[in-house]
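Structure record follows, encoded as structure tokens.
Derivation of every value follows stated rules applied to the coordinates shown; laboratory data play no part. Quick caveat, the model's predicted, so the values are computed rather than measured. Cβ: placed from backbone, ideal geometry, glycine included. Neighbour counts: every protein chain shown.
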Amino acid sequence: MENTKKRIFSGIQPSGNLTIGNYLGALRNWVQLQDDYECIYCVVNMHAITVRQDPAVLRRRSLETMAIFLACGISPEKSILFIQSHIPEHTMLNWVMCCNTYMGEAQRMTQFKDKSARHADNINTGLFTYPVLMASDILLYQADLVPVGADQKQHIELTRDLCTRFNNTYGETFVLPEPYIPKIGARIMSLQEPQKTMSKSDPNPNAFICILDEPDVIVRKLKRAVTDSEGVIAYDPDNRAGVSNLLSIYAACTGKSMDQSVKDFEGQGYGSLKNTVADVVVDTLSPIQAEYNRIISDKEYLSKVIEEGDRKASAIAQRTMRKVYHKVGLDSK
Ligand code: ATP
Ligand code: LTN
């Protein structure tokens with residue numbers, strides 16, 4: 001029977017230890033989407049080198065990131081799981097797309113502006129063209145839907161612009177993708193500077209909770225989370241960023257609505273809010289951690305999953321690339 005399921009593509013960089021932001025904003029939804037879509041999930045290690053990485057650490061983290069995908073419940077029987085650098089078509093399409101992207105478009109990307117400010121000693125052209133590589137990832141697999149956190153919305157919009165331009169210039173080639181952003185958990189904020197998105201590459205480890213953090217570490221980081229001096233628990237992300245972030249984490253982990261979550265804490269203080277949030281985060285992460293420890297010690301299984309995923313991804317990527325090279329006149333036929 002013809003496969004009529006819509007296709008999903010998404011990726012996470014192995015640029016640090018994955019956080020609850022990565023889990024609640026992205027991974028958790030990846031798991032849920034597996035039954036209704038044909039899902040392709042990627043460890044985007046080529047994106048990670050836009051920031052300086054230790055080669056041995058990058059190699060290890062790429063495997064660990066894949067083990068986290070599996071531990072969260074992504075199944076190699078249902079989804080294609082692979083590593084970006086194993087499929088050379090990503091760089092091939094990246095170059096073609098770079099030649100179809102305007103400087104002004106890339107210059108508008110806020111992630112580039114943020115990352116150049118944070119890495120002023122290494123503002124490289126890869127960091128600048130990062131969103132074009134991301135667009136290439138998505139278009140290469142002809143994805144209909146891209147599940148990401150809210151911070152990636154602008155990159156998906158750029159991907160859509162590049163897709164439409166390419167199709168108009170060279171004839172129908174790529175599927176036009178749409179973003180899929182969760183209602184709750186799309187933007188988990190830093191525990192130390194709650195106006196900023198929680199990020200795994202934050203230099204301050206108290207700013208984020210890692211998926212693999214031990215329970216006592218989770219409790220400690222949440223106890224230190226920045227709140228305010230109002231003393232009343234209410235959801236108001238613009239003015240009460242810290243408390244609202246703790247409420248969002250609670251709502252995302254328990255599956256409760258924000259109204260219900262706020263009600264759950266009526267009349268309570270920040271101390272008990274932090275303790276309860278720590279409990280639900282530990283409950284959410286414990287089964288994932290147990291599964292991770294099992295998978296990471298089975299390197300043979302992990303390599304088999306990656307080999308199989310690479311093979312399936314490669315077949316799709318090659319098909320698209322043949323089409324693209326023909327359209328732009330880079331083949332010899
Ligand atoms: P880095 O800090 O290295 O740039 P990151 O922690 O921002 O990385 P990515 O690998 O760039 O994470 O993102 C992977 C996925 O996780 C993306 O879909 C992104 O939108 C989502 N994500 C990352 N951080 C958060 C967050 N704080 N809240 C919700 N979703 C997030
Ligand atoms: N830029 C993304 C990671 C990423 C991605 C992708 C996400 C690279 N390629 C393709 C979705 C689809 C980020 O989360 N920072």
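Starting from 0.36 nm per residue, how many nanometres of slack lie between residue 220 and residue 116 once their C-alpha separation is accounted for? Value of the extension gain: 34.3 nm. For residue 294 and residue 78, a Förster radius of 25 Å and the Cβ-Cβ distance give a FRET efficiency of 0.85, rounded to the nearest 0.05. Taking amide H atoms as placed 1.01 Å from N in the peptide plane, the amide H of residue 39 lies under 5 Å from those of 8, 80, each 5 or more residues away in sequence or on another chain.
Are there DSSP H segments in the chain that both extend 27 Å or more along their axis (alpha-carbon positions) and score a mean Kyte-Doolittle hydropathy of at least 0.0? List them, or say none. Result, helices passing both filters: 270-296. For a straight C-alpha distance cut-off of 25 angstrom, the lysines reachable from residue 327 (same-chain residues fewer than eight places away being disregarded) are 6, 312. Within the shell of other residues whose beta carbon sits under 15 angstrom from the beta carbon of residue 103, the net charge comes to +1, with Lys and Arg scored +1 and Asp and Glu -1.
Of 90, 119, how do they rank once you tally other Cβ atoms within 10 Å and put the fewest first?
119, 90
Counting Lys and Arg as +1 and Asp and Glu as -1 over every other residue whose Cβ lies under 13 Å from the Cβ of residue 173, the net charge comes to +4. On full extension, the segment bounded by residue 286 and residue 157 gains 42.9 nm, given 0.36 nm per residue less the C-alpha separation. If you count Lys pairs in segment 65-221 whose Cα atoms are under 19 Å apart, skipping same-chain pairs closer than 8 places in sequence, the total is 12. With the cut-off at under 18 Å, measuring from each backbone N in segment 121-135 to a point 7 Å along the Cα-to-Cβ line of residue 108 picks out 128-135. The length gained by stretching the chain between residue 260 and residue 307 to full extension, at 0.36 nm per residue less their Cα-Cα distance, is 12.4 nm.
State the Cα centre-to-centre distance between segment 209-243 and segment 1-63 in whole Å. Each part's Cα centre sits 26 Å from the other's. Among residues other than residue 317 with Cβ under 14 Å from its Cβ, the summed charge is +3 (Lys and Arg +1, Asp and Glu -1).
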